[in-house]
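Asker: My structure is below; once you've seen it, I'll send some questions.
The values are calculated or read from the model by the stated rules, or taken from the named source; none is laboratory data. Because the structure is predicted, anything quoted here is derived from the model rather than measured. Methodologically, a virtual Cβ is constructed for each residue, glycine included, from the backbone with ideal geometry; neighbour enumeration extends over all protein chains shown.
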């Protein structure tokens with residue numbers, strides 16, 4: 001189990017490839033607020049629900065100054081398919097060696113259908129303009145997650 005991040009700590013730096021094979025680094029967003037969320041697998045029901053929720057709320061998040069990055073262990077072709085099929089409007093990043101998952105504490109033991117397995121912990125991190133973790137949310141639910149996140153960020157209208 002990886003150590004969990006705590007609010008107030010520096011966000012671990014990373015560079016990963018997006019669905020098109022371009023390098024994307026956390027440092028690319030210096031001076032901006034970033035939401036980095038980890039999801040288990042592209043094109044699965046829960047992950048599709050969560051991704052589409054971010055997609056449908058992207059304009060309000062961007063207008064509040066937030067960029068969104070989705071991270072999974074999926075390979076680039078799977079990310080390309082997922083982004084295209086769901087018309088996602090934010091980058092999906094591939095972390096096949098789990099280095100970034102582990103740095104963020106988003107990899108570990110979880111219960112799936114009553115069994116303990118090791119895998120991606122559905123997690124979301126809000127990072128401020130200075131690269132400091134403001135929120136570290138672990139084991140979030142896919143459905144309704146963005147609404148709950150918006151509330152925590154004070155973005156409810």
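Asker: Going by what's in this entry, would residue 67 be described as free of Cβ contacts under 8 Å to residues at least 60 places away in the same chain, part of a strand (DSSP E or B) and surrounded by fewer than 20 Cβ atoms within 10 Å (Cβ to Cβ)? So that I can check it myself, show each step before the final result.
Answerer: Details: free of Cβ contacts under 8 Å to residues at least 60 places away in the same chain: yes; part of a strand (DSSP E or B): yes; surrounded by fewer than 20 Cβ atoms within 10 Å (Cβ to Cβ): yes.
Judged against the criteria, residue 67 is a match.
Asker: From the list 54, 90, pick out the single residue that is part of a loop (DSSP other than H, G, I, E, B), under 27 Å from residue 154 (Cβ atoms), touching a strand residue (DSSP E or B) at 6+ places or on another chain (Cβ under 9 Å) and at pLDDT 95 or above.
Answerer: Values: 54 fails: part of a loop (DSSP other than H, G, I, E, B).
The conditions single out 90.
Asker: Ok, one more. May I ask you to say which residue of 60, 111 is more than 14 Å from the chain's Cα centre (by Cα) and under 15 Å from residue 122 (Cβ atoms)? Walk me through how you get there before you give the answer.
Answerer: Details: 60 fails: under 15 Å from residue 122 (Cβ atoms).
Checking each option against the conditions leaves just 111.
Asker: (1) crowded, with 20+ Cβ neighbours inside 10 Å; (2) modelled with pLDDT of 95 or more; (3) assigned to a helix (DSSP H, G or I): which one isn't true of residue 47, the others all being true?
Answerer: Answer for residue 47: the failing condition is (2).
One line per residue, one yes/no per condition, for (1) in contact with a helix residue (DSSP H, G or I) (Cβ under 6 Å, 6 or more places away or on another chain); (2) under 27 Å from residue 156 (Cβ atoms):
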position	(1), (2)
61	no, yes
78	no, no
97	no, no
119	no, no
130	no, yes
142	yes, yes
